[in-house]
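The values are calculated or read from the model by the stated rules, or taken from the named source; none is laboratory data. Model, not experiment: these values are computed from the prediction. Here the Cβ positions follow ideal geometry from the backbone for every residue, glycine too, while neighbour counts run over all protein chains shown.
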Ligand SMILES: Nc1ncnc2c1ncn2[C@@H]1O[C@H](COP(=O)(O)OP(=O)(O)OP(=O)(O)O)[C@@H](O)[C@H]1O
Ligand SMILES: [Mg+2]
């Protein structure tokens with residue numbers, strides 16, 4: 001478990017004056033499922049391409065399975081690129097088998113494996129169809145299967161969930177979980193936090209080409225203050241005065257129950273503050289609470305909190 | 001090595017699935033097949049042409065009849081000859097024929113040649129080829145033929161005279177006569193005659209000779225005088241059509257017209273000789289005297305200087321090979337572009353490049369496309385030889401002889417080398433173009449100039465054998481893009497050693513350089529999105545590490 005599968009040291013990539021990836025370092029140990037998060041244009045795809053040696057880093061070093069070149073260990077890596085595409089005239093099974101043989105698999109074994117995978121993940125009926133006859137999502141599934149057909153130890157998936165319906169998103173999660181169960185290492189990028197939350201051991205967050213966070217899910221949650229969400233028809237301003245509360249921010253929109261308008265606030269707790277302090281204060285003042293919610297922040301909130309500004313900035317670049 | 005083979009295999013399989021591949025594969029044999037067999041078929045299926053002759057002068061009817069009869073005799077003789085050689089017991093083996101010794105054929109057709117040769121035996125032949133005469137001939141021939149030879153069938157005559165349709169008065173003025181015949185000539189009505197079931201056949205042509213034809217005879221002096229007299233107003237004469245009228249809707253088949261023209265003219269000449277007190281027979285004899293003329297080639301050893309069939313083959317075979325190379329390159333260009341651009345536009349390229357190096361990918365593609373070329377050439381050559389074999393009869397050794405001839409000239413190795421290098425060079429270019437483009441449209445823009453460059457060998461292909469060591473040929477030979485075509489074109493003309501060795505070295509060096517450069521361009525271009533790079537940018541790619 002302890003040997004690292006992938007190691008990046010001070011990796012930079014510049015396009016002209018623009019720095020797409022800025023001094024990123026991280027290490028992925030074997031058997032981990034790593035979520036690679038970041039706003040649009042953060043440099044995720046660029047980083048992944050550098051790992052796979054499709055483009056060369058401007059600076060820094062990358063080692064995969066202890067080798068400086070991913071091509072030297074290509075049969076141990078599986079890759080699903082961000083932009084999906086298949087040979088239109090080839091059949092689903094043969095495309096899977098072809099990529100598997102390119103990765104060093106025996107031709108017969110590759111064919112058998114292709115059929116096996118297609119059956120297992122619900123594409124049995126399309127095994128012999130030309131890929132141009134598949135829908136986009138089906139094609140994408142075929143491509144995912146093609147990337148794992150040679151049973152690689154490290155699987156790198158760039159946005160594997162995009163374009164899939166909810167059911168197939170679950171299938172995709174299942175694929176990743178299966179890989180994890182068999183001790184494989186997975187690095188995948190996504191914009192849907194709930195997937196990352198459900199299946200990742202750790203997440204790696206980058207923004208503007210720089211690493212922002214590399215932690216477990218719990219660790220990531222701890223990076224933003226604890227808070228309770230309260231809703232009431234009565235004014236709640238007094239909460240800001242409490243010792244236990246450091247900040248009070250209006251949250252969500254105003255919700256109406258019956259004729260009454262509810263105001264919802266997030267009360268951020270101080271280090272020593274506890275949720276019960278908020279409840280007590282309300283009872284003392286006879287404030288009627290319609291809603292009280294204390295749960296750890298979601299990854300979504302962490303994301304918005306940590307890189308929200310950067311994401312907006314990037315969209316105007 | 002394995003990835004290269006795998007990529008080559010897929011590339012080959014992919015191309016083998018395209019329509020272009022199969023069209024390319026079969027087009028060539030079909031063209032050859034067509035050019036050999038369709039001609040025969042056409043000859044066999046052309047119906048007998050029926051014509052009418054109205055000779056109001058009464059001067060030429062007979063000579064026309066004679067001429068047509070002579071033609072018919074030649075036809076029959078030819079058919080008998082073919083019949084005999086087809087079913088002869090001991091057929092002369094084709095392999096006994098030495099193409100090196102056979103003189104290159106004249107352009108005259110076989111039937112005409114027979115007619116010329118038998119000209120003076122008209123009457124005897126007429127007898128021999130009549131019903132009984134022919135039976136006797138065939139009976140004599142019988143022992144020499146194989147047992148199961150079928151009976152001889154008289155070939156259909158090419159032309160047959162039919163009578164003027166009933167109700168048309170042969171003495172009408174020509175304009176009215178022509179008017180009457182018009183519906184028949186246009187196929188609206190049929191004339192009686194021939195073997196057709198209902199005794200009705202189509203009229204092919206009408207020959208109308210006016211009564212006063214003798215006043216219309218022209219000689220160059222007369223024409224000049226007439227021009228002078230008319231003061232340059234020559235148009236009037238044309239509209240009057242005072243002469244023999246040959247009416248036919250078919251403008252392509254002019255044999256009948258030519259024959260009638262010749263027959264009438266020679267009759268007029270004969271009369272003129274008589275009128276001028278010359279002996280027509282003697283004049284005819286004199287005109288048959290021929291000066292022997294041999295084509296000789298100073299490059300060949302003493303005693304064998306005569307230009308033979310083999311020499312002709314050697315001279316023109318290279319043109320065929322140039323054409324083959326051209327077609328091969330032309331048909332792969334689309335495949336290479338399509339496949340590379342598909343990979344680029346679908347971004348399959350990323351998966352590929354995470355599995356193989358750009359160099360391996362390029363080599364794989366080249367090997368794959370080379371296999372496509374190899375299959376094409378093999379099929380083409382195979383079908384060419386098979387068709388030749390079929391058309392020359394089952395035991396014929398003609399294809400082998402053809403190969404021998406080519407071999408003896410040292411042409412085959414030259415073809416293989418030039419073909420290989422040319423193919424590689426152009427495949428490399430197409431690959432480079434494919435790698436820097438994202439859409440077929442972009443690629444086609446870039447292909448424009450390349451196609452222009454490629455037109456040159458096709459245009460010069462037919463000229464170069466006529467002046468194989470001339471300035472144009474030599475200049476083109478030293479341009480590497482044209483070396484394979486031009487040197488192949490010149491291969492049988494003993495080009496100077498400097499040209500052979502020099503251009504080959506240049507070609508090899510240039511091809512190697514191109515592939516190296518293409519490798520660099522490919523590596524960068526293949527991942528590139530957006531506009532194709534500028535030329536200047538390409539040079540920086542070449543220089544950069
Ligand atoms: N070939 C290139 N030339 C110039 N700039 C590039 C190139 N490729 C990427 N970039 C820039 O690098 C930055 C990072 O791009 P990258 O594709 O890595 O982002 P990403 O994190 O994958 O974003 P997304 O979530 O939208 O896929 C972007 O700002 C992009 O404009
Ligand atoms: Mg991306």
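General observations
- When we screen B:411, B:431 for residues that are at pLDDT below 80, farther than 22 Å from residue B:31 by Cα and surrounded by 18 or more Cβ atoms within 10 Å (Cβ to Cβ), the only hit is B:411.
- Residue ID - nearest to residue A:23 (Cα to Cα), chosen from residues in region A:62-87 that are over 24 Å from the mean Cα position of the chain (by Cα) and more than 7 Å from chain B (Cβ to nearest Cβ): A:68
- Some residue of region A:2-15 being within 14 Å of chain B (Cβ to nearest Cβ) and either surrounded by fewer than 18 Cβ atoms within 10 Å (Cβ to Cβ) or within 16 Å of ligand 2 (Cβ to nearest atom) (or both): yes
Quick grid of which residues meet (1) surrounded by fewer than 21 Cβ atoms within 10 Å (Cβ to Cβ); (2) more than 12 Å from chain B (Cβ to nearest Cβ):
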site: A:102; (1), (2): no, no
site: A:106; (1), (2): yes, no
site: A:110; (1), (2): no, no
site: A:133; (1), (2): yes, yes
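- Residue identified as surrounded by fewer than 18 Cβ atoms within 10 Å (Cβ to Cβ) and under 14 Å from the mean Cα position of the chain (by Cα) among A:159, A:197, A:181: A:197
- When B:341, B:369, B:387, B:327 are screened for being over 21 Å from residue B:527 (Cα atoms) and either over 19 Å from the mean Cα position of the chain (by Cα) or outside any helix (DSSP H, G or I) (or both), only B:369 passes.
- Looking at A:39, A:81, just one residue is within 16 Å of residue A:211 (Cβ to Cβ) and either touching a helix residue (DSSP H, G or I) at 6+ places or on another chain (Cβ under 8 Å) or outside the structural domain of residue A:125 (by TED's automatic domain parsing) (or both), and that residue is A:39.
- Failed criterion for residue B:350 (all others in (1) over 30 Å from residue B:435 (Cβ atoms); (2) modelled with pLDDT of 85 or more hold): (1)
- Count of region A:149-192 residues which are more than 16 Å from ligand 2 (Cβ to nearest atom) and away from chain B (no Cβ under 14 Å): 25
- Of all residues in region A:43-61 being over 23 Å from the mean Cα position of the chain (by Cα) and more than 15 Å from ligand 1 (Cβ to nearest atom), the one that is nearest to the other protein chains (Cβ to nearest Cβ): A:59
- Residue check, residue A:144 within 25 Å of the chain's Cα centre (by Cα), more than 11 Å from every other protein chain (Cβ to nearest Cβ), surrounded by fewer than 18 Cβ atoms within 10 Å (Cβ to Cβ) and in a helix (DSSP H, G or I): no
- Those strands (runs of 3 or more DSSP E) lying entirely in region A:17-129 with at least 3 residues within 20 Å of residue A:160 (Cβ to Cβ) and in contact (Cβ under 8 Å) with a residue 60 or more places away in the chain: A:33-37, A:77-80
- Residue A:218 being outside any strand (DSSP E or B) and modelled with pLDDT of 80 or more: yes
- When restricted to residues that are more than 14 Å from every other protein chain (Cβ to nearest Cβ) and modelled with pLDDT under 80, region B:16-26 contains 1.
- Residue count for region A:89-100, restricted to those that are more than 7 Å from chain B (Cβ to nearest Cβ) and over 26 Å from residue A:190 (Cβ atoms): 5
- Identity of the residue in region B:317-342, within 14 Å of chain A (Cβ to nearest Cβ) and in contact (Cβ under 8 Å) with a residue 12 or more places away in the chain, that ends up farthest from residue B:490 (Cα to Cα): B:341
- Residue A:16 vs. criteria within 16 Å of ligand 1 (Cβ to nearest atom) and within 27 Å of residue A:305 (Cα to Cα): no
- Some residue of region B:500-521 being without any contact (Cβ under 8 Å) to a residue 40 or more places away in the chain, out of contact with any strand residue (DSSP E or B) (no Cβ under 6 Å at 6 or more places or on another chain) and not in a helix (DSSP H, G or I): no
- Residue tally, condition surrounded by fewer than 23 Cβ atoms within 10 Å (Cβ to Cβ), touching a helix residue (DSSP H, G or I) at 6+ places or on another chain (Cβ under 8 Å) and under 28 Å from residue B:320 (Cα atoms), over region B:445-458: 5
- All of B:293, B:274 fail the test of being outside the structural domain of residue B:115 (by TED's automatic domain parsing), at pLDDT 75 or above and farther than 25 Å from residue B:51 by Cβ, apart from B:293.
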